[in-house]
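Peer 1: Pasting in a structure now, in structure tokens, and then I'll have a few things to ask.
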Number of protein chains: 2
Amino acid sequence: MKKNEEFVQSVNPKGQKSCDSFHNTIEFIGKRWMGIIIYHLLDGPKRFFELSAEIEGISDRLLTERLRDLEAHGLVMKNQSDPKVRKVEYELTPKGKELEDIIQAIFEWVKKNGCCYKE
Amino acid sequence: MKKNEEFVQSVNPKGQKSCDSFHNTIEFIGKRWMGIIIYHLLDGPKRFFELSAEIEGISDRLLTERLRDLEAHGLVMKNQSDPKVRKVEYELTPKGKELEDIIQAIFEWVKKNGCCYKE
DNA sequence: TTTTTAAGATTACTATTAGTAAGCTTGTTT
DNA sequence: AAACAAGCTTACTAATAGTAATCTTAAAAA
């Protein structure tokens, strides 16, 4: 990839360089557990305990924190139809669903190149 | 993306589930500075001080640490033609170069959806 | 030839983020 | 009424990141 200088230098509505946007974005979705949470949400709305059960090893504390992060960035929305009923579902927003291409690209890479194991 | 159960359950040569491989990989390339270092290496071999100058804000300590990480995972190689001359170049391996599709997918997402700003 | 400078690190220490474990609140089940 | 479960929150420990200073060696400058 030759760097697209026009893009690298360009500035987004928040006044950040697009290069910084890339930086922030990759690190945001690369935070611990973030990617795997997004991945699990790609097949539809899920409840807290469902995510908690599917994602082996995550703690409630971090799952809550990550879901709040995702909400705050407009990637996930919470739908609690009746606030009196304790049924909360987390669902990707359209912006969140568009992350699928990234997730897909990582899967492809892993299939072809093997994984980046943890040290 | 409907989950491909065959893939999710499958096991790689290191005995990890492919799903774990995805998890490790996204978190590895999402470590702080990692993505931006990979991005800057995509346009060719670079020396330590070049990376250090291009990547605003990174410290020598973290740049060294990340380059060692990348080397250990076979994504970057060091070429120091003559060990007596202090000229060290860092270059993506073929496996590292294949990360381009992921980087590209993130750029596309950012162009379309705006960035994940830092809190 | 001595002095200075620069590359490519390492070390020591502080601050931020993650992990572990327990507990809280309110509705539902027994 | 007691026990349980969902969805959090709090307190504390461990790991990772950030800041800053220092080190080594080769080459350039004086």
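Peer 1: Any idea how far apart A:Ser81 and A:Ser52 come out in nm if each label point goes 7 Å out from Cα toward Cβ?
Peer 2: Between A:Ser81 and A:Ser52, the label points sit 2.2 nm apart.
Peer 1: List, by residue number, every residue in segment B:55-91 with a reduction of 50 Å² or greater in accessible area between the chain on its own and the complete protein assembly, 1.4 Å probe.
Peer 2: B:His73
Peer 1: If you don't mind, there's one more thing I want to ask. Distance check, please: which entries in A:Lys111/B:Lys84; B:Lys31/B:Lys78; A:Lys46/A:Lys112; A:Lys95/B:Lys46; A:Lys118/B:Lys78; B:Lys87/B:Lys112 exceed 32 angstrom between their Cα atoms?
Peer 2: Pairs exceeding the cut-off: A:Lys111/B:Lys84; A:Lys95/B:Lys46; B:Lys87/B:Lys112.
Peer 1: Over segment A:44-119, give the accessible area per residue in Å² for a 1.4 Å probe, as an integer.
Peer 2: Per residue, segment A:44-119 has 57 Å² of solvent-accessible surface.
Peer 1: Where the label is 7 Å out from Cα toward Cβ, how close does B:Arg61 come to the same position in every other copy, in nm, shortest first?
Peer 2: Nearest to farthest, the other copies are at 2.4 nm.
Peer 1: Give me the dipole magnitude in Debye, nearest 20, for segment A:17-113 about the Cα centre, with unit charges on the beta carbon: positive for Lys and Arg, negative for Asp and Glu.
Peer 2: 200 debye
Peer 1: Next question, about the same structure. Can you list, shortest first and in nm, the gaps between the label point of A:Met77 and those of its counterparts in the other copies, using a point 7 Å from Cα in the C-beta direction?
Peer 2: Those separations, rounded to one decimal, come out as 5.0 nm.
Peer 1: Over segment A:17-113, with every protein chain in place, what whole percent of the accessible area is carbon and sulfur at 1.4 Å, could you tell me?
Peer 2: Here it works out to 48 percent.
Peer 1: Further question on the same structure: Keeping all protein chains in position, work out how much accessible area A:Lys111 exposes to a 1.4 Å probe, and write it in Å² to the nearest 10.
Peer 2: A:Lys111 exposes around 120 Å² with every protein chain in place.
Peer 1: A further question on this structure: In whole angstrom, note down how far apart the Cα centers of segment A:91-108 and segment B:33-52 are.
Peer 2: 26 Å
Peer 1: Follow-up. Let me have the relative contact order for segment A:17-113, percent, based on Cα pairs under 8 Å that are six or more residues apart.
Peer 2: Relative contact order, segment A:17-113: 27 percent.
Peer 1: Indicate the gyration tensor shape class of segment B:40-119 (rounded, prolate or oblate), computed on the Cα atoms with a ≥ b ≥ c the square roots of the eigenvalues: a/c under 1.5 is rounded; otherwise a/b larger than b/c is prolate and the rest oblate.
Peer 2: Since a/c reaches 1.5 and a/b is larger than b/c, the shape of segment B:40-119 is classed as prolate.
Peer 1: Quick query: amide H of A:Arg47 versus all other amide H atoms, modeled in the peptide plane; which residues come in under 5 Å with a sequence gap of 5 or more or a different chain?
Peer 2: Here the answer is A:Tyr90, since their amide H atoms fall under 5 Å of that of A:Arg47.
Peer 1: Now for a different question. A drop of at least 40 square angstrom in accessible area, chain alone versus all protein chains together, probe 1.4 Å. Which residues of segment B:24-45 meet that?
Peer 2: The answer is B:Asn24, B:Thr25, B:Ile26, B:Glu27, B:Gly30, B:Ile36, B:Tyr39, B:Asp43.
Peer 1: Between A:Arg32 and B:Ala72, what FRET efficiency follows from the Cβ-Cβ distance if R0 is 22 Å, with the result rounded to 0.05?
Peer 2: Using R0 = 22 Å, I get an efficiency of 0.70.
Peer 1: Measuring from the axis that superposes chain B on chain A, report the chain B residue with the minimal C-beta distance, rounded to whole Å.
Peer 2: Residue nearest the B-to-A axis, with distance in whole Å: B:Gly30, 0.
The values are calculated or read from the model by the stated rules, or taken from the named source; none is laboratory data. Keep in mind it's a predicted model, so treat the numbers as computed, not measured. Backbone-built Cβ (ideal geometry, glycine too); neighbour counts: all protein chains shown. Keep in mind that these areas ignore ligands, DNA and RNA; they rest on the heavy atoms of the full protein, side chains included. Shrake-Rupley method; radii C 1.70, N 1.55, O 1.52, S 1.80 Å.
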